[in-house]
Amino acid sequence: MSSLELTKSKTLDISIVIPVYNERENLILLDKKITKSIKPLNKKYEVILVDDGSIDGSVDLIRKLKNENPCLRLIRFDRNYGQTAAFSAGFSKARGNIIVTMDADLQNDPADIPLLLEKINEYDVVCGWRYKRNDPWVKKLSSRIANAVRNTLSEESIADTGCSLKAFRRKCFQNIKLYNGMHRFFPTLMKMEGFSVTQVKVGHYPRVHGYSKYNISNRLFASFKDLLAIRWMKKRQIKYDIIEED
Ligand code: UDP
Ligand code: MG
């Protein structure tokens with residue numbers, strides 16, 4: 001089967017879903033690195049690049065890369081809607097039994113994807129844990145505080161919920177309704193749905209090209225409000241055991 005036929009078949013082994021917002025300078029290497037990491041696994045896969053309203057020529061480049069790599073797919077928004085919306089659109093179109101998520105800026109290394117895939121045989125969700133962060137100190141510190149606050153308030157034990165590099169079994173997204181900002185809480189949401197979640201250590205690299213889309217005001221404060229919503233949902237979750245039914 002040619003790789004084109006592979007990508008057209010109905011069910012694939014893996015869908016890699018990647019939100020892209022002004023990441024033109026990272027896309028060629030991203031495509032190369034994913035191919036290098038996934039091809040040797042001999043799996044049927046697709047890479048869904050969800051363009052979240054880029055204005056830097058990312059879309060033209062994705063179209064060009066698609067001509068050379070039939071595993072690539074493009075979903076393009078009419079404007080910027082945010083990372084959770086981009087993930088959500090990618091999930092709704094994904095044909096893989098396993099869905100891998102990651103960033104487009106190469107702060108995650110596609111070479112780590114096989115590590116996640118190995119673990120997904122035992123768990124429903126495998127979260128990457130950037131145990132050595134390569135970010136400016138302000139971001140490292142704010143992320144450490146955010147993780148601690150998040151874990152305390154949501155009674156969670158995930159070391160690094162903000163790492164985009166994750167693998168999910170397809171069924172994880174069947175019943176879940178996503179809201180803006182919720183991509184930061186996938187592990188908690190998945191546990192609430194009864195799925196098993198684990199974490200594996202992955203690499204983390206400085207952003208070489210492009211710019212970070214987040215700062216203290218649009219991440220820390222926004223995600224704190226989201227955290228309160230998650231905490232409320234967790235506390236109010238309906239749980240019961242039926243002991244008799246006629
Ligand atoms: N991103 C997106 N829409 C947004 C903001 C970010 O699709 O509104 C994408 C971005 O292109 C990247 C990923 O989400 O692939 C993570 O963004 P970024 O690297 O800026 O976040 P940071 O690493 O600084 O937390
Ligand atoms: Mg980044």
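The values are calculated or read from the model by the stated rules, or taken from the named source; none is laboratory data. Source: prediction; values computed, not measured. Cβ: placed from backbone, ideal geometry, glycine included. Neighbour counts: every protein chain shown.
Scanning the range 148-158 turns up no residue that is modelled with pLDDT under 90, within 16 Å of ligand 2 (Cβ to nearest atom) and surrounded by fewer than 17 Cβ atoms within 10 Å (Cβ to Cβ).
One residue stands out among those in the range 160-181 that are away from ligand 1 (no atom under 16 Å from the Cβ) and in contact (Cβ under 8 Å) with a residue 40 or more places away in the chain: the one that is farthest from the chain's Cα centre (by Cα), which is 171. Could we say that residue 181 is surrounded by 14 or more Cβ atoms within 10 Å (Cβ to Cβ), within 20 Å of residue 52 (Cβ to Cβ) and touching an Asp or Glu at 6+ places or on another chain (Cβ under 6 Å) here? Answer is yes for this residue. I want to confirm something. Restricting to the range 195-217 and keeping residues that are under 19 Å from the mean Cα position of the chain (by Cα) and over 20 Å from residue 130 (Cβ atoms), which single residue is nearest to ligand 1 (Cβ to nearest atom)? Only one residue tops the list, namely 195. Picking from residues in the range 96-144 that are at pLDDT 95 or above and of a type in the set (Ser, Thr, Tyr), the one that is nearest to ligand 2 (Cβ to nearest atom) is 101. Every listed requirement among (1) β-branched (Val, Ile, Thr); (2) within 16 Å of ligand 2 (Cβ to nearest atom); (3) modelled with pLDDT of 90 or more is met by residue 161 save one, (3). Going through (1) touching a Cys at 6+ places or on another chain (Cβ under 8 Å); (2) surrounded by fewer than 20 Cβ atoms within 10 Å (Cβ to Cβ); (3) not basic (Lys, Arg) one by one, residue 186 falls short only on (2). For the range 10-42, a residue qualifies if it is in contact (Cβ under 8 Å) with a residue 60 or more places away in the chain and basic (Lys, Arg), and the qualifying residues are 10, 24, 33, 36. Of all residues in the range 167-185, those satisfying the criterion of being in a helix (DSSP H, G or I) and more than 18 Å from residue 93 (Cβ to Cβ) are 182, 184, 185.
Among the residues of the range 71-79, is there at least one that is touching a strand residue (DSSP E or B) at 6+ places or on another chain (Cβ under 8 Å), of a type in the set (Asp, Glu) and touching a residue at least 12 places away in the same chain (Cβ under 8 Å)?
no
I'd like the residue in the range 120-147 that is among the charged types (D, E, K, R) and either surrounded by fewer than 19 Cβ atoms within 10 Å (Cβ to Cβ) or within 11 Å of ligand 1 (Cβ to nearest atom) (or both) and, out of all such residues, is nearest to residue 170 (Cα to Cα). Out of the qualifying residues, it is 122. In this entry, residue 197 passes the filter for residues that are surrounded by 13 or more Cβ atoms within 10 Å (Cβ to Cβ), under 27 Å from residue 126 (Cβ atoms) and at pLDDT 90 or above.
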